[in-house]
Ligand code: ACM
């Protein structure tokens, strides 16, 4: 229903915008005053400030464990610090004062992604059980340093890290962002840029929407025209594009170096015009439709009764699974308005076992709960406050029955929704979504009737009907993306708009330093100058 404006939602959101209030001053610390330990996004689980700050100087070294992963993370940190500080910042496995990155913590409560950061006069020590935790701790350290640390030329400093201890673990294992590379194609480098932005906020899943009516974006050797023809255009008629397998592996490798898992999506049985246009055989009437460059939804369907459909699905899933080190494969399943209910159920009953056959776990948009979700499947909920009680209950019932939920409510964290009626990009069918609205909800207590244990996490999708460039991505993702990341990471007890918006404002100089052009929401007191 992406094209259908909901006027009630629209009205509610307009009122919200009008009511945007004045907030506490969130002046970013500069130079001599270190950033307070708690002023990071996502909010850490526990913060104990105290003691003298650590100062990075020309003699600072990064001391790493004698492990490949710790050394790689140390080198990553050094590459953030060197250009802006102008210091050498050697990475060494000898012990000493400075920045220490230690794996193998015995503290089981840190889990696979948690870390502990201790800062004092003699140095900063980050400890974790697993590399992902160490990497997340490094992101916290980045945010504790002045924003100028992000610049790529030498800056004056001083480079102070406040004294004290942070202990931090995520609330949810699934903290995702989806990028639609079908409606507009984004190059490998453009995707890497987004990955770096996601990593800064401890996002750990990158869901790539690889196929839709307007473009097929991944090379499939057994069906080559999917990419070469089906990938040859995009919304508005531009040239589109696709990832070769080498391109895709490079995205997966880069994401994994930032501790993000890539979750590929092939949307089926609807949203398939690019495939249907590429192979006439896939159509019930044997006639290939033209390529499509508009923005309607719900008009295409794979032919559920033809055997060739399942040959196609098997080949695509086999080749995609082979490119996917992660556990999950997303099969879409949304807005299949041109597939009858019986056909939809039949299709999902045949396709889900294919995903399992190739060793992957199914994810579908929440319409999958209208069929029979496979054991262990996850449903990605993208409804609105105004979604019918019956539809919500269908998803909640599946959750009570063991289907895990990823929460992506469209009127909260669809990053392609306009902020206000004047936002030059984006859509408004789910209403206007200002920054406060996107942050101010609780994933643990969101879908009535769904057990909170079914909630695996939060994901912020960015559909790209109107989004064509990295600058467009920046403007829609910032400042809402960090809020989605915080909803996925931070304990519910830290949730508070009034303190969040101060931390959010403090991020702006960092975005400036990174060249991220963000929306200056009037709901936040951004620093001036
Ligand atoms: C969706 O927005 N159709 C998942």
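Any read-out appearing in this document is the output of simple, stated calculations on the displayed coordinates, not a laboratory observation. As the structure is a prediction and not an experimental result, all values here were calculated from the model. Backbone-built Cβ (ideal geometry, glycine too); neighbour counts: all protein chains shown.
Going from the residue with the fewest nearby Cβ atoms within 10 Å to the one with the most, 435, 64, 287 rank 287, 435, 64. Of 202, 346, 501, the sequence from fewest to most neighbouring Cβ atoms within 10 angstrom is 346, 501, 202. Cα centroid separation, segment 159-204 to segment 214-266: 20 Å. Using equal-weight Cα scatterers in the Debye expression, the normalised intensity of the chain in log10 at q = 0.09, 0.10, 0.12 Å⁻¹ is -0.64, -0.79, -1.12. Taken over segment 288-419, the convex hull of the Cα atoms encloses 140 Å³ per residue. The long axis of helix 188-200 is offset from the longest Cα principal axis of the chain by roughly 50 degrees. Binning the C-alpha pair distances of segment 355-462 at 5 Å intervals from 0 yields a P(r) profile of 2, 13, 22, 22, 17, 12, 7, 4, 1, 0 %, listed from the shortest bin outward. Of the three principal axes defined by the Cα atoms of segment 60-102, the extents in descending order read 26, 19, 11 Å.
Which of the three applies to segment 433-507, rounded, prolate or oblate, going by the alpha-carbon gyration tensor with a ≥ b ≥ c and a/c under 1.5 meaning rounded? Verdict is oblate for segment 433-507. Across segment 140-227, Cα-Cα pairs farther apart than 18 Å form 63% of the total. Binned at 10 Å from 0, what are the whole-percent values of the Cα-Cα distance distribution for segment 281-342, short to long? Whole-percent P(r) values from 0 Å outward: 17, 42, 36, 6. Residues 149, 124, arranged from fewest to most other Cβ atoms within 10 angstrom of their Cβ, appear as 149, 124. Helix 480-489 and the longest principal axis of the C-alpha atoms of the chain enclose an angle of approximately 80°.
Sort segment 32-178 into rounded, prolate or oblate with this rule: let a ≥ b ≥ c be the square roots of the eigenvalues of the Cα gyration tensor; rounded if a/c is under 1.5, and if a/c is not under 1.5, prolate when a/b is larger than b/c, oblate otherwise. Cα axes put segment 32-178 in the rounded bin.
Once the mean 1/r over all distinct Cα pairs of segment 207-278 is inverted, what Kirkwood radius in angstroms do you read off? 12.5 Å is the Kirkwood radius here. Of the peptides 65-77, 371-383, 403-415, 440-452, the order by per-residue mean of other Cβ atoms within 10 Å, starting with the highest, comes out as 403-415, 371-383, 65-77, 440-452.
For segment 213-352, the percent of C-alpha pairs falling in each 5 Å distance bin, counted from 0 to the bin holding the largest distance, reads 2, 10, 19, 23, 21, 15, 7, 3, 1, 0. Please determine, in degrees from 0 to 90 and to the nearest 10, the orientation of helix 307-322 with respect to the longest principal axis defined by the Cα atoms of the chain, where the helix direction is its Cα long axis. That works out to roughly 10 degrees.
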